[in-house]
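S.K.: This is the structure I want to talk about, given as structure tokens.
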Amino acid sequence: MKQAVSVYFVSALALACSNTAYSAYEISDEHSITPSSDVEEQVSAVATSSSPDGDSLQVLLRDMKQFRAGFEQTVVDAEQNIVHEAQGVLTMTRPNKLRWETTFPDETLLIADGSAVWNVDSFVEQVTVISQDQAVKDNPIVLLTASDAETWNKFTIHKVDTSSVEGEAAAQMLSSYQITPKEVGGQIETLTLTFNQDNKLAALNMLDAQQQISTLVFNNIETRFPLAADTFSVDIPDSYIVDDQR
């Protein structure tokens, strides 16, 4: 169960990163990504969504070129029973790469390299490989970086009223948006993105077709940082079994 949840989540996030043209960015040094000289022109040309709330969400997401943060994940079932908890670090960068590394309850590693998602299980010495494109379809999480009107118009977007939130939580949370696919039958029914007072993505909440809710709360958020060359590569020991499901 926990493996399926993590693989699906990583696949969805990584696929989202592939929906923005990488030509809008250039490498300013060996590690970091910065906007190219014509990025402002490309941003201005982005088609707006079909709602004011969608337009507002687009503005918040346009600057997310790199993302690294610690996370705490909780998955509950339809009866609100906790079925999985995890802690770790999530690293993501455009155009389509992502690294999901858990430190609790087990040490696990999932890497999306642009074409496949690699699930490395050191306990059983096995690597499972799935197609990145086939892992998700019409998943609202693609809006994290998608800029075209065709993609945005597949979803209904509503800004969530947080006026009832009080205390420290209210001070930290700037805004939340609920995203729902217009076409029913997908694996994800709703996605809620929450941003903090610095306009950084602070939390993700996904309701799936089995009525399970996966919540990730981020900490130590970075949006510009150095990257090691092997961050999104997988080194498989000769003794490991490879289950290639592509």
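S.K.: Would you tally the residues in the range 71-83 being open to solvent by 10 Å² or more (accessible area, probe 1.4 Å) and within 17 Å of A203 (Cα to Cα)?
M.R.: Initial filter on the range 71-83 (open to solvent by 10 Å² or more (accessible area, probe 1.4 Å)): 72, 74, 76-83.
Subset that is within 17 Å of A203 (Cα to Cα): 72, 74, 76.
Final tally of qualifying residues: 3.
S.K.: Give me a count of the residues in the range 189-199 that are in contact (Cβ under 8 Å) with a residue 40 or more places away in the chain and more than 13 Å from the chain's Cα centre (by Cα).
M.R.: Filtering the range 189-199 for residues in contact (Cβ under 8 Å) with a residue 40 or more places away in the chain gives 190-191, 193, 195, 199.
Pick out the ones that are also more than 13 Å from the chain's Cα centre (by Cα) and you get 190, 195, 199.
Looking only at that region, the number is 3.
S.K.: Still on this structure, I have one more. Looking at the range 200-242 only, could you name the residues that are open to solvent by 60 Å² or more (accessible area, probe 1.4 Å) and among the acidic types (D, E)?
M.R.: Result: E222, D230, D235, D238.
S.K.: Within the range 180-246, which strands (runs of 3 or more DSSP E) (wholly inside it) include 2 or more residues that are at pLDDT 90 or above and polar (S, T, N, Q)?
M.R.: Values: elements: 188-196, 201-208, 213-222, 241-244.
Answer list for the range 180-246: 188-196, 213-222.
S.K.: Same structure, new question: Tally up the residues in the range 187-199 that are open to solvent by 30 Å² or more (accessible area, probe 1.4 Å) and not acidic (D, E), please.
M.R.: Total meeting the criteria: 3.
The values are calculated or read from the model by the stated rules, or taken from the named source; none is laboratory data. The shown structure was predicted, so the numbers you read here are calculated from the model rather than taken from an experiment. Here the Cβ is made from the backbone with ideal geometry for all residues, glycine too, and neighbour counts use every protein chain on show. Calculation scope for accessible area: heavy atoms of the full protein, side chains included, ligands and nucleic acids excluded. Shrake-Rupley method; radii C 1.70, N 1.55, O 1.52, S 1.80 Å.
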